[in-house]
Amino acid sequence: MDMNTFFNDLQNKISQAIENSPAKDIEKNVKSMMTQGFSKLDLVTREEFDVQTQVLAKTRAKLETLETRLAELEAKAAAPKSDIII
């Protein structure tokens, strides 16, 4: 018997023992309480967080581009104009 089989068998036996014991009810109650507690918090999923991180990165890049463009336009506007009439 290899170690994986041993541990899988052990895990199955422990799971069966828990299924048939009051510990399963306790587990369900704890999960229920935790779910209720988390639902009261203002949490986001990892996926939502990653999406918002990407949106923020794109927004920052666009802002940097616009700031550079604005600086160029301001520099042009501030440049002395030569009124040469020929």
Restricting region 32-44 to residues that are at pLDDT below 85 and not aliphatic (A, V, I, L, M), which is farthest from Glu19 (Cα to Cα)? Asp42
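Within region 39-52, work out how many residues are surrounded by 10 or more Cβ atoms within 10 Å (Cβ to Cβ) and in a helix (DSSP H, G or I).
Narrowing region 39-52 to residues surrounded by 10 or more Cβ atoms within 10 Å (Cβ to Cβ): 44, 48-52.
Among the residues that remain, those that are also in a helix (DSSP H, G or I) are: 48-52.
Count: 5.
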Glu27 surrounded by fewer than 10 Cβ atoms within 10 Å (Cβ to Cβ) and part of a helix (DSSP H, G or I): no
Testing Leu63 on (1) modelled with pLDDT under 90; (2) over 30 Å from Ser15 (Cβ atoms); (3) not small (Gly, Ala, Ser), one condition comes back false. Which one is that? (1)
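The values are calculated or read from the model by the stated rules, or taken from the named source; none is laboratory data. Just so we're clear, the structure is a prediction, and the values are computed from it rather than from any experiment. Cβ coordinates were reconstructed from backbone atoms using ideal geometry, including for glycine residues, and neighbour counts include every protein chain displayed.
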